[in-house]
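S.K.: This is the structure I have questions about; it appears just below.
Taken together, the values in this text are just the output of simple stated rules run on the coordinates, not laboratory data. Owing to the predicted nature of the structure, the values given are computational and were not obtained by experimental measurement. Cβ sites come from the backbone with ideal geometry, for glycine too, and all protein chains shown count toward neighbours.
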2 protein chains.
Amino acid sequence: MIEAASNPVTTVMRALADPTRRAVFERVFESKEITVAELTRGSGVTQGAISQHLKSLKQAGLVAERAEGRNVYYRAAPQGLEPLVTWMDHYGVFWRERFQNLRDLLKEIDP
Amino acid sequence: MIEAASNPVTTVMRALADPTRRAVFERVFESKEITVAELTRGSGVTQGAISQHLKSLKQAGLVAERAEGRNVYYRAAPQGLEPLVTWMDHYGVFWRERFQNLRDLLKEIDP
DNA sequence: CTAATATATTAGTATTAGCTAATTGAATGG
DNA sequence: CCATTCAATTAGCTAATACTAATATATTAG
């Protein structure tokens, strides 16, 4: 029962398990587009560290980038979360725990 | 912007980021109840390692245990996944991507 | 052209994580 | 009892991780 080589779930989980890196993802997500310099500001770590975190997030499919001049703009790629959604869905937590939300939503959709 | 002390999301993500430990969780989930000995069998690691993983999972709120004689029976606690659900929900991935499932589900609930 | 800015990368370091082997403490079966 | 089994814990090893400081490479500003 030895695990196969690093599957997507592992890659994404590991990328998001580190609080600093997860905070980077969150900031990227909240701003439509953001540069490395901006992300570095107020992050508490160096620019190099931020670049390293962005590299991990990119490999995990959680962010994408666009170079423009000497700036590189990063944006979130929430589809990168899909492996987690699928994994958790398999364990049946969503519909079970979200049933109340579901009901609320139903009223809004089809009152 | 220094992160506060280990929040639940970090705890759960880290618990599930390791493939071996995640496999343990999966096996615990699949069997209603399972002993450490059974989990060790075919896991590829020693009993000590399994106990250590179970400790992490327990701290993350993902499993619970019941001692009976010299055996300890573990069971999954899927509510422990709640921090992840909440975190991901905040990033809006569920309803967007699961709308078709939602429609299917609706028919079953209220045909 | 030169200086400054933005980002990536690299080498080195300290900490953490996962593992084994060995031990301990219970509980059970002969 | 005594030997065996189950599980938790511990010490010690190794590998991975997150970080900094320094450097390299572009690009832009003056």
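S.K.: Give me the inter-chain shielding for B:66-72: mean count of other chain Cβ atoms within 10 Å, whole number please.
M.R.: Numbers: counts 0, 0, 0, 0, 0, 0, 0.
That works out to 0 on average.
S.K.: Another question, then. Find, among the chymotrypsin sites (Phe, Trp or Tyr not before Pro) in the range B:1-93, those assigned to loop by DSSP (not H, G, I, E, B) with at most 15 other beta-carbon atoms within 10 angstrom. If you can, show how the numbers build up before the last one.
M.R.: Values: sites: B:Phe25, B:Phe29, B:Tyr73, B:Tyr74, B:Trp87, B:Tyr91; in loops: B:Tyr91.
Counting only loop positions with at most 15 other Cβ atoms within 10 Å, the chymotrypsin sites (Phe, Trp or Tyr not before Pro) in the range B:1-93 are B:Tyr91.
S.K.: Shielding by partners for A:17-24, please: the mean number of other protein chain Cβ atoms within 10 Å of each residue's Cβ.
M.R.: Values: counts 10, 5, 10, 3, 0, 6, 3, 0.
The mean count of partner-chain Cβ atoms within 10 Å per residue comes to 5.
S.K.: Follow-up question, since we're still on this one. Hey, which residue of A has the C-beta nearest the axis mapping A onto B, and what's the distance in Å?
M.R.: Output: A:Ala17, 2.
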